[in-house]
Every structure is written in structure tokens, then in C-alpha cells.
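Below: the structure, in C-alpha cells.
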Amino acid sequence: VGGTPYPWGSAWPPPKNAGNYAGEEAKDKDWPDNFLVIPNWRDPYPRTAPVGSFAANQFGLYDLGGNVWEWCADWYRKSLNTPEVRKQWPVLDQDHVGTARVLRGASWTDGGAAYLASGFRYRDHPEGRNGFVGFRVVVGGGVSR
């Protein structure tokens, strides 16, 4: 966001109340052993959080990172991620134009620095459903109701 590595800025780990990411609060009996959490970090929500639970970023945008991955209209192309990212996640080293949409922003399930990076793009098939993917509704000024 605005040239910074993460939605909250440049520092790692995220500052307190930066968003709903996988911190120590997420590790419960249902937490998969192979899922990362941000060590020694926590937010108030072990799963999804109510919209607007965290402060807006420097551009006045809420919930840009964390909570749920957000669907994008773009079809996934491997060139959207760097070669380094594609090497770390081979599943992202394939084009899916016409079959998988881009997901951005990470979710409450994510505790790895790469997933939380502003430029990271994941992907899923449009018919996919789960508790960590959603969408953003944007209403512009001057819209009549």
C-alpha cells in the first residue's frame, strides 16, 4: 500500500491493532499444526472480526489486510507474483486465466510475513467457499440510494 511492504507500513511484526491476522489467539484445538502464527503477537479475534474493528490506514481505508482474503475481478496469472514467491509456493507458478481469480489481503488464518505483504496475490476458483475468503463492498460518494 503506497509503496510499503505491508498494509500497516514497513515494520515486522505488525503493530498492535494493525488487523486481524493469525496471532497466538488463533491457536486452539481446531488450529492446524502446519499453519503459521505471528509469534508473540495477538489481536482480539481468533477468527473473523466485525468490519471496522481496526483503525483505518494512512489512506483512510479500513480492513485492507487481514480478516478475510478479498476476491478480485482479475484472473490469476503467475506473473502477478515475483519469481521468489512462486518458488516458495509452487501452486502459484501456474497461470489460471479463466479458471481462478486473484485473492488479496490475507486473512485471520495467515501468520507468515509473505502472505501479509501488500503485493502478495493468492488465487482460488470462483466457486470456492470457506470461512477465510470474502469480498469488499465499495460505495462511492454521490451514489443515490
Positions within the range 99-124 being more than 22 Å from N34 (Cβ to Cβ), out of contact with any His (no Cβ under 7 Å at 6 or more places or on another chain) and open to solvent by 50 Å² or more (accessible area, probe 1.4 Å), in sequence order: R101, R104
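For every residue, the table says whether it meets (1) touching a helix residue (DSSP H, G or I) at 6+ places or on another chain (Cβ under 9 Å); (2) closer than 19 Å to Y21 by Cβ.
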| site | (1), (2) |
| --- | --- |
| F54 | no, yes |
| N57 | no, yes |
| L61 | no, yes |
| V68 | no, yes |
| C72 | no, no |
| S107 | yes, yes |
| A114 | yes, yes |
| V133 | no, yes |
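Listed here are the residues, each with its yes/no results for (1) open to solvent by 80 Å² or more (accessible area, probe 1.4 Å); (2) assigned to a strand (DSSP E or B); (3) at pLDDT below 95; (4) under 14 Å from T109 (Cα atoms).
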| site | (1), (2), (3), (4) |
| --- | --- |
| A11 | no, no, yes, no |
| N34 | yes, no, yes, yes |
| W41 | no, no, no, yes |
| G52 | no, no, yes, no |
| Q58 | yes, no, yes, no |
| Y62 | yes, no, yes, no |
Just to be sure before I move on: is K78 at pLDDT 95 or above, among the basic types (K, R) and either closer than 24 Å to V138 by Cα or touching a helix residue (DSSP H, G or I) at 6+ places or on another chain (Cβ under 9 Å) (or both) in the structure I sent? yes
Subset of the range 85-135 (residues that are assigned to a loop (DSSP other than H, G, I, E, B), touching a strand residue (DSSP E or B) at 6+ places or on another chain (Cβ under 6 Å) and of a type in the set (V, I, T)): V97
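The values are calculated or read from the model by the stated rules, or taken from the named source; none is laboratory data. Just so we're clear, the structure is a prediction, and the values are computed from it rather than from any experiment. Neighbour counts run over all protein chains shown; Cβ positions are idealised from the backbone, glycine included. In case anyone asks, the SASA skips ligands and DNA or RNA and just uses the protein heavy atoms, side chains included. Shrake-Rupley method; radii C 1.70, N 1.55, O 1.52, S 1.80 Å.
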